[in-house]
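A.B. asks: Would you mind keeping the following structure in view while I ask a few things?
The values are calculated or read from the model by the stated rules, or taken from the named source; none is laboratory data. The model shown is predicted, which means the values in this text are computed figures rather than measured ones. Positions of Cβ are generated from backbone atoms using ideal geometry, with glycine treated the same way; all protein chains shown enter the neighbour counts. With ligands, DNA and RNA removed, areas are computed over all heavy atoms of the protein, side chains included. Shrake-Rupley method; radii C 1.70, N 1.55, O 1.52, S 1.80 Å.
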Amino acid sequence: MRINPRYINRLVRMGLNVQAYFTVGILIIIVAIIFFKGFPHTNFAFILSFPEDMGREGGIFPSIVGTIQLALLSILLATPLGLGTAIFLTEYTKESLFTKFIRFGVESLAGIPSILYGLFGFIFFVIKLKMGWSLLAGVLTMTIMILPTIIRTSEEAIRAVPRQLRIVSYSLSASKWETIKKVVIPAAIPGILTGIMLSIGRAVGETAAIIFTMGSSLRLPLSLMDSGRTMAVHFYILAREGISMEKAYGTAVVLVLSILLINILAYYIMNKAIARYS
Amino acid sequence: MDTKIATDRLRLSFGKTEVLKSITIKVHRNTITGFMGPSGSGKSTLISVINRMIDFENNVRIEGDATIDGTSILDGSINPIELRRRVGTVFAVPIPLPRSIFENIAYGPRLKGTSDRTTLHHLVEDSLKKAFLWDEVKDRLGTSALKLSGGQQQRLCLARTLALKPEIILLDEPCSGLDPISTAKIEDALSELKSEYTIILVSNNTKQIARISDFSAFFYLGELIEYDTTEKVFTAPAETKTEDYIQGKFG
Amino acid sequence: MIDRTVLKEHLVKWVLVAFALSSLLFLFLIFIFILAEGLPLFLKVGVNKIIFGMKWAPTKGYFGIFPMIISSFLVTIGALIIGAPLGLSCAIYLSEYAGKRTKMLLKPAIELLAGIPSVVFGFLGVIYIVPLVRSYLGGSGFSLISTSLVLGVMILPTIISISFDALVSVPRTYREGSAAMGATKWQTIYKVIIPSAKSGILASFILGMGRAIGETMAVIMIAGNALKIPTSILDPLRTLTGNIALELAYATGDHRLGLFSTGVVLMVIIMILNYVANFGIKRKIAK
Ligand SMILES: Nc1ncnc2c1ncn2[C@@H]1O[C@H](COP(=O)(O)OP(=O)(O)OP(=O)(O)O)[C@@H](O)[C@H]1O
Ligand SMILES: [Mg+2]
């Protein structure tokens with residue numbers, strides 16, 4: 001018997017539809033479980049107080065501070081480096097063997113799994129450069145990890161800036177760098193910000209690379225040389241060592257909520273950027 | 001008459017195609033010189049040699065010379081950035097920078113290092129007045145230049161160029177996208193400006209050239225076919241090609 | 001004055017060149033330092049005894065990581081079996097069927113899924129998937145199948161976004177030509193669009209594999225980390241990444257070198273996968 005292709009067509013459509021929503025369903029379930037189970041254990045006191053008894057009691061304040069320190073400092077380092085690379089690739093060269101090399105470097109960095117960053121950061125920053133488990137080692141490792149994201153998003157954003165704007169700027173007697181500084185970068189800011197937001201998300205959620213570089217001290221990191229614990233690491237330790245499921249869920253809420261907000265903000269900025277050029 | 005801009009057997013090619021074929025022309029100080037000719041005749045290319053915007057094109061080969069006030073501008077020792085302060089350009093499509101009206105006009109002066117508010121204010125007001133735009137925008141200098149109408153944007157671009165305090169203004173078909181009223185305003189502005197500046201106006205509108213230019217040049221396929229006073233070119237052209245073009249037989 | 005601006009332009013350019021080179025420098029450093037720590041043991045113990053060795057007892061001089069290599073591949077293939085069809089379906093739905101509004105909802109959701117930290121996946125895997133497997137299929141629940149399930153979901157965003165890009169870059173004329181010949185939408189997709197996006201789709205699978213094989217935190221929470229080659233999908237296992245993450249914090253001496261050797265093997269596998277995906281397959285798309 002030959003089945004009418006139109007029926008197959010409809011069946012496939014339905015099947016694909018179900019699968020697409022299944023994917024969204026997974027996301028919703030993940031977020032829902034975390035929130036549902038975790039909210040009862042999350043409140044201001046939890047956010048603002050110090051952990052006691054290895055995290056069995058108390059809050060997660062130091063790990064929130066540690067997360068913010070890690071994310072902000074690595075963004076502070078990676079943004080000029082990444083944006084500079086993107087500017088170089090888009091404005092200062094034509095495609096050549098040299099740019100191919102650099103692109104190869106960027107692509108390769110993007111493909112390295114975080115545990116290898118952890119290994120590298122551990123041996124290079126922690127051991128060889130004698131930084132020990134420290135905020136600094138974590139920040140430097142994270143900087144390298146997020147560099148490819150910043151480079152790619154910035155490059156895309158810069159490429160989207162219309163050529164005529166540059167021409168106009170040159171015709172008004174601007175030099176190349178003045179044009180980039182005053183016209184190109186301002187016009188590309190939303191795209192660059194999207195990359196920064198995504199990178200912050202990465203820094204907030206990362207565990208494997210951070211636990212071996214920044215360590216897992218429960219104290220509040222007060223200097224670059226102090227070890228510290230990000231929320232993700234804290235959550236991992238609570239969950240894996242079975243210290244406290246309640247506190248684990250509570251931490252997960254704060255963690256997932258921050259990532260949710262960061263991503264939504266990134267998406268919002270990106271849509272604004274798209275609207276600007278179309 | 002006093003020569004401001006001159007080219008001497010200027011040849012230019014993009015790769016293998018020769019786009020300017022031995023152009024020799026003397027543009028006179030404090031006049032409006034009209035450049036006309038069918039599409040692809042090399043008018044814009046010639047303009048881009050005078051302001052050195054040609055630097056941003058690839059595979060360009062230039063022979064011969066171009067001078068301003070008798071000094072070569074193709075010489076390696078010339079700083080094109082300095083040159084572009086002396087040679088302002090207005091393009092066919094008005095492209096305001098994505099910032100306020102005030103900041104658009106202050107862009108050039110700021111690059112030069114002018115940062116004093118009052119100086120800038122005077123400069124902005126003066127430039128806008130010269131471009132016949134002041135009355136329309138004086139109450140909203142802080143709003144985005146992108147909100148202006150097409151005609152206003154083009155006058156903004158003119159004002160922005162004037163704020164550089166250039167000696168020469170190059171206009172490449174500045175009215176091609178504008179309505180007759182906006183066009184008239186630009187033409188009025190240019191007629192006033194010629195006492196202070198040397199102006200080259202590229203236009204496909206021969207009537208416009210006839211109306212406001214003192215001298216007219218006709219280009220065809222990279223060659224300068226005819227160059228004389230506008231009166232002469234339009235009443236008794238020496239070349240039949242010029243006559244055909246003016247009468248609208250081609251182009 | 002003139003010289004100043006020219007000088008500044010040059011300075012800026014060279015600073016930017018230095019910035020651009022930093023990526024290469026970092027890559028080089030990562031390479032060198034992992035190799036410098038990881039290779040000596042290969043020389044001392046022997047490549048064979050490490051790569052094909054069955055026993056991992058680093059304090060007793062056994063550095064065999066063969067079971068881990070196999071386990072890494074097994075979970076990766078398992079993840080692909082789950083993630084590839086699902087991801088491809090999603091990509092097809094997004095590029096061919098979904099309206100603008102659905103897209104506006106689905107795309108950010110998928111990106112968000114990529115942003116969920118792996119520890120969260122691991123945690124939920126332990127709490128929900130592991131018990132589920134234990135009670136319905138048997139065993140401890142910490143198993144190949146649980147790990148594959150979770151990894152399968154984790155690689156979805158990679159597969160979806162890269163296949164999606166490949167699908168939407170199929171020229172419009174292909175679709176129109178096929179539709180003009182009376183093909184139904186599915187016939188067009190199946191016979192025209194998927195074949196012409198084939199290399200991009202394959203690249204998405206390979207990059208998904210790279211993601212799965214490199215995943216660490218979720219895996220150590222769910223896999224059970226047993227030191228042998230699993231013989232059933234219900235057996236626990238330890239991956240290369242898991243081996244490093246579990247022991248790095250306290251390892252010293254040769255033990256630590258052994259973990260870097262594990263890292264070298266992982267790095268080589270990842271490099272091969274990335275190379276195949278980026279240069280073997282993507283190059284074909286460009287043509
Ligand atoms: N960047 C470039 N690369 C290669 N060829 C070019 C380039 N710019 C211009 N040309 C060619 O040079 C010739 C002259 O172009 P130009 O823009 O100077 O003409 P034009 O007289 O300004 O024409 P129009 O009236 O259409 O503006 C044309 O044949 C054009 O195709
Ligand atoms: Mg032109």
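A.B. asks: Go through (1) under 25 Å from B:D2 (Cα atoms); (2) of a type in the set (A, V, I, L, M); (3) away from ligand 2 (no atom under 16 Å from the Cβ) and name the single condition B:L97 misses.
C.D. replies: The failed condition is (1).
A.B. asks: Then there is this: Quick check on the stretch B:30-69: of everything there that is within 21 Å of B:K207 (Cβ to Cβ) and away from ligand 2 (no atom under 16 Å from the Cβ), which residue is surrounded by the fewest Cβ atoms within 10 Å (Cβ to Cβ)?
C.D. replies: That would be B:T31.
A.B. asks: May I ask you to verify whether C:K55 is away from chain A (no Cβ under 11 Å) and open to solvent by 20 Å² or more (accessible area, probe 1.4 Å)? If you could, list the steps in order and put the result at the bottom.
C.D. replies: Values: away from chain A (no Cβ under 11 Å): yes; open to solvent by 20 Å² or more (accessible area, probe 1.4 Å): yes.
It is true that C:K55 is away from chain A (no Cβ under 11 Å) and open to solvent by 20 Å² or more (accessible area, probe 1.4 Å).
A.B. asks: Return the only residue of A:F122, A:F101 being surrounded by fewer than 24 Cβ atoms within 10 Å (Cβ to Cβ) and not small (G, A, S).
C.D. replies: Working: A:F122 fails: surrounded by fewer than 24 Cβ atoms within 10 Å (Cβ to Cβ).
None of the other options fit; the residue is A:F101.
A.B. asks: Are any residues in the stretch B:31-53 near ligand 1 (Cβ under 7 Å from one of its atoms) and within 14 Å of chain A (Cβ to nearest Cβ), and if so, which ones?
C.D. replies: B:S44
A.B. asks: Here is a follow-up. Pull out all pairs, ordered by first then second residue, where Cβ-Cβ is under 8 Å, the residues are six or more apart or on different chains, the first lies in the stretch A:189-210 and is more than 18 Å from A:L140 (Cα to Cα), and the second is outside any helix (DSSP H, G or I) and open to solvent by 10 Å² or more (accessible area, probe 1.4 Å).
C.D. replies: The qualifying pairs are A:G191/A:A160.
A.B. asks: Still on this structure, please answer the following. Mind checking whether some residue in the stretch B:80-94 is open to solvent by 50 Å² or more (accessible area, probe 1.4 Å) and either more than 13 Å from ligand 1 (Cβ to nearest atom) or away from every other protein chain (no Cβ under 12 Å) (or both)? Show your work before the answer.
C.D. replies: Filtering the stretch B:80-94 down to residues open to solvent by 50 Å² or more (accessible area, probe 1.4 Å) leaves B:82, B:86, B:91, B:93.
Filter once more, so that each one left must be either more than 13 Å from ligand 1 (Cβ to nearest atom) or away from every other protein chain (no Cβ under 12 Å) (or both): B:82, B:86.
Taking every residue of the stretch B:80-94 in turn, at least one turns out to be open to solvent by 50 Å² or more (accessible area, probe 1.4 Å) and either more than 13 Å from ligand 1 (Cβ to nearest atom) or away from every other protein chain (no Cβ under 12 Å) (or both).
A.B. asks: Which pairs have Cβ atoms under 9 Å, sit 6 or more apart or on different chains, and link a residue in the stretch B:1-29 that is without any contact (Cβ under 8 Å) to a residue 24 or more places away in the chain and over 21 Å from B:L201 (Cα atoms) to one that is away from ligand 2 (no atom under 16 Å from the Cβ) and assigned to a strand (DSSP E or B)?
C.D. replies: none
A.B. asks: List every residue pair whose Cβ atoms lie under 8 Å apart, where the two residues are 6 or more positions apart in sequence or sit on different chains, the first residue falls within the stretch C:179-201 and is modelled with pLDDT of 85 or more, and the second residue, located anywhere, is open to solvent by 90 Å² or more (accessible area, probe 1.4 Å) and among the aromatic types (F, W, Y).
C.D. replies: Here the result reads C:V192/C:Y174; C:I193/C:Y174; C:S196/C:Y174, each pair linking the stretch C:179-201 to a residue that is open to solvent by 90 Å² or more (accessible area, probe 1.4 Å) and among the aromatic types (F, W, Y).
A.B. asks: Another question, then. Output the residue which, of all residues in the stretch A:144-195 that are crowded, with 24+ Cβ neighbours inside 10 Å and at pLDDT below 90, is nearest to the other protein chains (Cβ to nearest Cβ).
C.D. replies: A:T194
A.B. asks: Assess whether A:E107 counts as being in a helix (DSSP H, G or I), open to solvent by 30 Å² or more (accessible area, probe 1.4 Å) and within 9 Å of chain C (Cβ to nearest Cβ).
C.D. replies: Details: in a helix (DSSP H, G or I): yes; open to solvent by 30 Å² or more (accessible area, probe 1.4 Å): yes; within 9 Å of chain C (Cβ to nearest Cβ): yes.
Here the answer is yes, as A:E107 does meet what is asked.
A.B. asks: Residue check, A:T90 against (1) closer than 17 Å to C:L259 by Cβ; (2) in contact (Cβ under 8 Å) with a residue 60 or more places away in the chain; (3) more than 7 Å from chain C (Cβ to nearest Cβ); (4) not aliphatic (A, V, I, L, M), all met but one. Which one?
C.D. replies: (1)
A.B. asks: For the stretch C:235-252, state whether one or more residues are touching a residue at least 60 places away in the same chain (Cβ under 8 Å), surrounded by fewer than 20 Cβ atoms within 10 Å (Cβ to Cβ) and touching a Ser or Thr at 6+ places or on another chain (Cβ under 8 Å).
C.D. replies: no
A.B. asks: Which condition does B:L170 not pass, out of (1) assigned to a loop (DSSP other than H, G, I, E, B); (2) within 16 Å of ligand 1 (Cβ to nearest atom), if it passes all the others?
C.D. replies: Of (1) assigned to a loop (DSSP other than H, G, I, E, B); (2) within 16 Å of ligand 1 (Cβ to nearest atom), only one is false for B:L170: (1).
A.B. asks: Under 7 Å by Cβ, and 6 or more places apart or on different chains, what pairs join a residue from the stretch B:173-198 that is acidic (D, E) with one that is assigned to a loop (DSSP other than H, G, I, E, B)?
C.D. replies: Cβ pairs passing all conditions: B:E173/B:A92; B:E173/B:S203; B:E173/B:N204; B:D188/B:F132.
A.B. asks: Any chance you could count how many residues in the stretch B:205-222 are within 16 Å of ligand 2 (Cβ to nearest atom) and surrounded by fewer than 16 Cβ atoms within 10 Å (Cβ to Cβ)? Steps first, answer last, please.
C.D. replies: Going residue by residue through the stretch B:205-222, those that are within 16 Å of ligand 2 (Cβ to nearest atom) are B:205-206, B:208-209, B:217-222.
Remaining after also requiring surrounded by fewer than 16 Cβ atoms within 10 Å (Cβ to Cβ): B:205, B:221.
Final tally of qualifying residues: 2.
A.B. asks: Another question, if that's okay. For B:S176, are the conditions met, namely being within 16 Å of ligand 1 (Cβ to nearest atom), surrounded by fewer than 20 Cβ atoms within 10 Å (Cβ to Cβ) and assigned to a loop (DSSP other than H, G, I, E, B)? Spell out how you get there, then give the answer.
C.D. replies: Details: within 16 Å of ligand 1 (Cβ to nearest atom): yes; surrounded by fewer than 20 Cβ atoms within 10 Å (Cβ to Cβ): yes; assigned to a loop (DSSP other than H, G, I, E, B): yes.
For B:S176, the condition - within 16 Å of ligand 1 (Cβ to nearest atom), surrounded by fewer than 20 Cβ atoms within 10 Å (Cβ to Cβ) and assigned to a loop (DSSP other than H, G, I, E, B) - is met.
A.B. asks: Do any helices (runs of 4 or more DSSP H) lying entirely in the stretch C:99-215 carry at least 3 residues that are within 13 Å of chain A (Cβ to nearest Cβ), and which ones are they? Steps first, please.
C.D. replies: On the way: elements: C:100-115, C:118-124, C:130-137, C:144-154, C:156-168, C:172-180, C:185-188, C:198-214.
Those helices (runs of 4 or more DSSP H) span C:100-115, C:118-124, C:144-154, C:156-168, C:185-188, C:198-214.
A.B. asks: In the stretch B:115-139, how many residues are open to solvent by 50 Å² or more (accessible area, probe 1.4 Å) and farther than 17 Å from B:Q154 by Cα?
C.D. replies: 8
A.B. asks: OK, next. Is it true that some residue in the stretch C:72-79 is in contact with a Phe, Trp or Tyr (Cβ under 8 Å, 6 or more places away or on another chain) and assigned to a helix (DSSP H, G or I)? Before you say what the answer is, go through the steps one by one.
C.D. replies: Keep residues of the stretch C:72-79 that are in contact with a Phe, Trp or Tyr (Cβ under 8 Å, 6 or more places away or on another chain), which gives none.
Within the stretch C:72-79, none of the residues are in contact with a Phe, Trp or Tyr (Cβ under 8 Å, 6 or more places away or on another chain) and assigned to a helix (DSSP H, G or I).
A.B. asks: Look at C:E9 and say whether it is within 9 Å of another protein chain (Cβ to nearest Cβ), without any contact (Cβ under 8 Å) to a residue 60 or more places away in the chain and open to solvent by 60 Å² or more (accessible area, probe 1.4 Å). Spell out the reasoning first.
C.D. replies: Numbers: within 9 Å of another protein chain (Cβ to nearest Cβ): yes; without any contact (Cβ under 8 Å) to a residue 60 or more places away in the chain: yes; open to solvent by 60 Å² or more (accessible area, probe 1.4 Å): no.
Against the criterion (within 9 Å of another protein chain (Cβ to nearest Cβ), without any contact (Cβ under 8 Å) to a residue 60 or more places away in the chain and open to solvent by 60 Å² or more (accessible area, probe 1.4 Å)), C:E9 does not qualify.
A.B. asks: Could you please find all residues in the stretch A:127-143 being farther than 23 Å from A:S108 by Cα, within 11 Å of chain C (Cβ to nearest Cβ) and in a helix (DSSP H, G or I)?
C.D. replies: Hits for the stretch A:127-143 are A:I127, A:K128.
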